[in-house]
Amino acid sequence: MVFVQSNTNCFTDNYCAGVEFSGKDLSGRRVMGFTENGTLSNLTVCNARNMWDIPNEWSMEDAATVPVSYSTVLYALIEKGRITTGQNILIHAGAGAVGLSAINVALYYKCNIFTTVGSINKSNFLKKLYPSLSDKQIGSSRDCSFYNMI
């Protein structure tokens with residue numbers, strides 16, 4: 001077990017929620033991870049296998065958004081979905097945390113990506129973030145029109 005000085009604070013002594021964190025371990029390393037003990041605290045206990053170093057160019061806030069979304073995607077696409085290079089993949093809510101993580105993994109596997117979003121602003125955000133995505137690959141999540149897209 002590793003003790004981590006978290007980047008967050010408790011609201012009350014009895015409130016325990018949240019599973020991901022960013023902070024510094026007792027040696028001063030910048031780390032991110034998740035724990036089953038709750039992380040809305042300034043100190044958390046973490047199993048070392050559920051913790052990773054934070055890249056230097058990331059903020060603590062950026063790092064805190066990564067562990068759960070990527071763990072969800074890696075489990076779903078690799079462990080359960082057995083993703084392979086070149087597959088077609090539909091990612092709902094592409095502009096959300098899990099959606100962005102899924103797009104990154106799908107790009108790594110060179111998949112043909114289709115995604116849905118709830119607004120034109122989110123569509124524009126995705127096209128700016130991922131220039132390889134075109135309008136033909138981004139559909140609306142507000143109706144069933146994405147069905148024709150895929």
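The values are calculated or read from the model by the stated rules, or taken from the named source; none is laboratory data. Remember, predicted model here, so these are calculated numbers, not experimental data. A quick note on method: Cβ atoms are made from the backbone with ideal geometry, for glycine too, and the neighbour counts reach across all protein chains shown. Note: accessible area is taken over every heavy atom of the protein model, side chains too, but ligands, DNA and RNA are not part of it. Shrake-Rupley method; radii C 1.70, N 1.55, O 1.52, S 1.80 Å.
Per-structure values
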| read-out | value |
| --- | --- |
| Filter result (aromatic (F, W, Y) and either modelled with pLDDT under 95 or loosely packed, with under 15 Cβ neighbours inside 10 Å (or both)) within region 123-150 | F146, Y147 |
| Residue match in region 66-73 (condition: open to solvent by 50 Å² or more (accessible area, probe 1.4 Å) and closer than 19 Å to L107 by Cβ) | yes |
| Number of the exception - A63 against (1) open to solvent by 50 Å² or more (accessible area, probe 1.4 Å); (2) assigned to a helix (DSSP H, G or I) | (1) |
| All positions within region 106-132 that are under 17 Å from N88 (Cβ atoms) and of a type in the set (S, T, Y) | Y108, Y109, T115, T116, Y130, S132 |
| Residue ID - modelled with the lowest pLDDT, chosen from residues in region 12-30 that are of a type outside the set (S, T, N, Q) and under 16 Å from the mean Cα position of the chain (by Cα) | G18 |
| Single residue of I83, I113, I91, I120 found to be modelled with pLDDT of 95 or more, exposed (fewer than 13 other Cβ atoms within 10 Å of the Cβ) and among the hydrophobic types (A, V, I, L, M, F, W, C) | I120 |
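Results for (1) outside any helix (DSSP H, G or I); (2) not small (G, A, S), shown as yes or no for each residue.
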| position | (1), (2) |
| --- | --- |
| T44 | yes, yes |
| R49 | no, yes |
| V68 | no, yes |
| S71 | no, no |
| I83 | yes, yes |
| S101 | no, no |
| I113 | yes, yes |
